[in-house]
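A short worksheet on the structure shown next.
The values are calculated or read from the model by the stated rules, or taken from the named source; none is laboratory data. None of the values given here were measured: they were computed from a predicted structure. Counting neighbours? That spans all protein chains shown, and the Cβs are built from the backbone with ideal geometry, glycine included. The protein model used for the area step is the full one, side chains on, heavy atoms only, and it has no ligands, DNA or RNA in it. Shrake-Rupley method; radii C 1.70, N 1.55, O 1.52, S 1.80 Å.
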Amino acid sequence: MLAGMSVDVTRQTIHEAELVDALRDKSELAGQLEASQHLLQKFMENSPNTTFVKDDHGRYVFYNYSFADHLGIGRTAWIGKSDDEVFPKDAADAYIAQDLLVMESGQTMEFFDETKDAQGVLHRFRTLKFTYKGLDGRKLLAGVTADVTEQLRREEALAEANLKLEAQATTDSLTGLATRRVFESRAEIEFEVAKRKHRPLSILLLDIDNFKLRNDEYGHAAGDEALKVLGFVLKSCGRIGDVIARLGGEEFGCLLPDTDAEAAMTVADRVQGVLRGTAQGELPLTVSAGVACTTKPKHSWEHLLGCADDAMYAAKRAGKDRTVHHGDHIAGLISSMDSSAMLS
Ligand code: GH3
Ligand code: MG
Ligand code: MG
């Protein structure tokens, strides 16, 4: 019996020791929980992002220092209040509508808006809103808002700079015409379209005559002025769908879809005619031009451009201020070869 009693006392002692251990563990856990809650609260309060929590009636149950400082309100002034009590009607309506959407869907959603700070400076914000269950089981809505004014400003400046770069790469700054890069990429496309649809495509190449002399005699500015005049004349002689480009220096190209050689020669004549009637300093502004058309099979757009170039140089050799059609140029070459063969 005595021996049995001594066993019970030992068991009791063990239970007490376990209890003491369990209580110590519990109090340690509670301490850790409190410490981590404290840490989280400090992070929330001091976050540079504004954070807030509203209950299922849209009343603020929490907001951090950044929220209070941005709106210039006390750190508890809005607790228990809803948006329609603290914001102007338009803003309040927008926030309430967003909250409803998030509460009903249970999804995390992103919103952008603009508000003025306490000093009247406009800021742009990105807000993420989501729902969660509070300790009492009620649905709460939380929001994290980042000030993206600077980020958006930088992104917009970058987009604007890219647009400018793109424009510089595609538009000749002096004449406002397309650049060689645009001409070549469009020539490739139009050549394929013309081939597939069995439609003619013409290229008209023009080079200002004696341009070096103009620069030397009247200065670079006078040369630039002549380039602008020709650019303007070419634009006025083209039609919608034509690609008119400054290919470099004083050389210009017109890509004329759905245009046969005869019609392309008419465009060239029109340009020459307008230039003859345009006073441009003491030197007449004339061009030599070459026309090539796809009506006869050509290998590629590059070949077509080469033919127009040959024709343009034939116009230079023939005395400038004229247009030569590549087909006629070749026919001329053949007949001159024939006559020299007959003579020999
Ligand atoms: P040709 O009648 O045989 O075509 O002779 P040209 O004097 O017109 O041609 P050349 O190729 O000998 O000279 C072209 C000149 O164009 C040389 C270059 O200094 C000038 N030039 C090129 N780009 C520009 C520009 O943007 N502005 C000005 N003002 N001149 C330019
Ligand atoms: Mg020239
Ligand atoms: Mg030239």
If each residue of separation counts as 0.36 nm, what is the full-extension length gain between LYS228 and ALA169 once their alpha-carbon separation is subtracted? 19.4 nm
What whole number of Å gives the distance from the Cα centroid of segment 131-174 to the Cα centroid of segment 254-312? 48 Å
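For the chain, what is the calculated [θ] at 222 nm in deg cm²/dmol (nearest 500), taking -39500 (n - 2.57) for each run of four or more DSSP H residues and dividing by its residue count?
Here the helix-only value at 222 nm equals -18500 deg cm²/dmol.
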Give me the extension gain from ASP93 to GLU217: residue separation times 0.36 nm, minus the current Cα-Cα distance, reported in nm with one decimal. 37.5 nm
So, in nm, how far is label ASP55 from label THR10 when the simple model puts each one 7 Å beyond its Cα toward the Cβ? 5.8 nm
Collect residues whose amide H, placed 1.01 Å from N in the peptide plane, falls under 5 Å from the amide H of THR259; neighbours closer than 5 in sequence don't count. LEU201, SER202
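With all distinct Cα pairs included, what does the Kirkwood hydrodynamic radius of the chain come out to in Å, to one decimal, could you say?
Averaging 1/r across every pair of different Cα atoms and inverting gives 28.1 Å.
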When only C-alpha pairs under 8 Å and at least 6 residues apart count, what is the relative contact order of segment 99-161, in percent? 27 percent
I need the phi-derived Karplus couplings for segment 138-146: 6.51 cos²θ - 1.76 cosθ + 1.60, θ = phi - 60°, integer Hz, Gly and Pro marked x. 7, 6, 10, 10, 10, x, 10, 10, 10
For the chain, build the charge dipole from Cβ charges (+1 Lys, Arg; -1 Asp, Glu) around the Cα centre, then report which of PRO88, LEU205, ALA318 sits farthest towards its positive end. ALA318
Which of LYS212/LYS316; LYS42/LYS139; LYS212/LYS320; LYS54/LYS133 have a Cα-Cα distance over 18 Å? LYS42/LYS139
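Ranked by accessible surface with a 1.4 Å probe, highest first, in what order do ARG214, ARG154 come?
ARG154, ARG214
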Just how large is the dipole of the chain about the Cα centre, in debye to the nearest 20, putting +1 at every Lys and Arg Cβ and -1 at every Asp and Glu Cβ? 840 debye
Please report the carbon-and-sulfur percent of the accessible area for the chain; probe 1.4 Å, protein heavy atoms only, DNA, RNA and ligands left out. 58 percent
Accessible solvent surface per residue of segment 172-343, calculated while the other protein chains remain in place, 1.4 angstrom probe, Å²: 51 Å²
